[in-house]
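Asker: Handing you a structure now.
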Amino acid sequence: MESIALVSPSDCITGYAPKLLVHQQGLLHRAFSIVVFNDKGEMLLQKRAATKYHWGGLWKNTCCSHLIEGKDMETYMHERLQHEMGFDCDLKFAFSFHYTAKFDNGLIENEIDHVYTGKWNGTPLPDPTEADDYRWATLNEIKTEIEKKPDSFTYWFKEIIGRI
């Protein structure tokens, strides 16, 4: 399993550790989330593959990952977007936030998430090891669905929606 960036509370990289160990111990680490909109103002959502070891089968933003050792954020974000959803687009930094969440399986997410937005129109080609499904939806549709079925969405996605 790859090593991901550990960070200080001020988001400076302090080292790297295996991803599973980071989640077992709840170590503070860096992540990124990509939110892509189309010309209609709809957001592209991804349903995480049910086989994922955490948050599997839940809806989330277009793409997300952790910064891995040996990569810079800018390059790796585009690689992940291409890998997960089969396309790439220009990305702009929107905001970052810190959150902590515990999984049902005892793993802990303690990350500073950097959120980037992009614009793209097309039909994604998701990698089936990453995503079981995708859909376009308006912010109002997403917020209504989160109110009705909050357990259908990842923790960090609900945090992002609350900040957009």
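The values are calculated or read from the model by the stated rules, or taken from the named source; none is laboratory data. Remember, predicted model here, so these are calculated numbers, not experimental data. Neighbour counts run over all protein chains shown; Cβ positions are idealised from the backbone, glycine included.
Asker: Name the single residue, out of those in the stretch 115-158 being of a type in the set (A, V, I, L, M) and closer than 17 Å to F37 by Cβ, that is surrounded by the fewest Cβ atoms within 10 Å (Cβ to Cβ).
Answerer: Here the residue is L139.
Asker: Next question. So which residues in the stretch 75-113 are farther than 19 Å from E159 by Cα, touching a strand residue (DSSP E or B) at 6+ places or on another chain (Cβ under 8 Å) and not aliphatic (A, V, I, L, M)?
Answerer: Y76, H78, R80, E84, C89, D90
Asker: Since L125 meets every condition but one in (1) modelled with pLDDT of 95 or more; (2) in contact with a strand residue (DSSP E or B) (Cβ under 6 Å, 6 or more places away or on another chain), which condition does it not meet?
Answerer: (2)
Asker: Being closer than 18 Å to M43 by Cα and at pLDDT below 95 narrows it down to one residue among R80, R163, R135; which is it?
Answerer: R163
Asker: May I ask you to verify whether T100 is closer than 28 Å to T123 by Cβ, surrounded by fewer than 17 Cβ atoms within 10 Å (Cβ to Cβ) and within 17 Å of the chain's Cα centre (by Cα)?
Answerer: For T100, the condition - closer than 28 Å to T123 by Cβ, surrounded by fewer than 17 Cβ atoms within 10 Å (Cβ to Cβ) and within 17 Å of the chain's Cα centre (by Cα) - is not met.
Asker: Being touching a Lys or Arg at 6+ places or on another chain (Cβ under 9 Å), at pLDDT 95 or above and under 22 Å from H98 (Cα atoms) is the filter here, so list the residues in the stretch 22-58 that pass it.
Answerer: G26, H29, F32, S33, I34, V36, L45, Q46
Asker: With the structure loaded, tell me whether K92 is of a type in the set (K, R) and under 15 Å from F37 (Cβ atoms) or whether it fails that test.
Answerer: Judged against the criteria, K92 is a match.
Asker: When you scan the stretch 8-43, how many residues do you find that are closer than 27 Å to P124 by Cα and either without any contact (Cβ under 8 Å) to a residue 40 or more places away in the chain or loosely packed, with under 13 Cβ neighbours inside 10 Å (or both)?
Answerer: Qualifying residue count for the region: 3.
Asker: Just for the stretch 44-77: of the residues that are more than 12 Å from the chain's Cα centre (by Cα) and among the aromatic types (F, W, Y), which one is surrounded by the most Cβ atoms within 10 Å (Cβ to Cβ)?
Answerer: It comes out as Y76.
Asker: Those residues that are more than 15 Å from the chain's Cα centre (by Cα) and closer than 24 Å to G57 by Cα, I need them from the stretch 78-97; list them, please.
Answerer: Hits for the stretch 78-97 are G86, F87, D88.
Asker: Tell me which of these I112 doesn't satisfy, since it passes every other one: (1) over 14 Å from the mean Cα position of the chain (by Cα); (2) surrounded by 17 or more Cβ atoms within 10 Å (Cβ to Cβ).
Answerer: (1)
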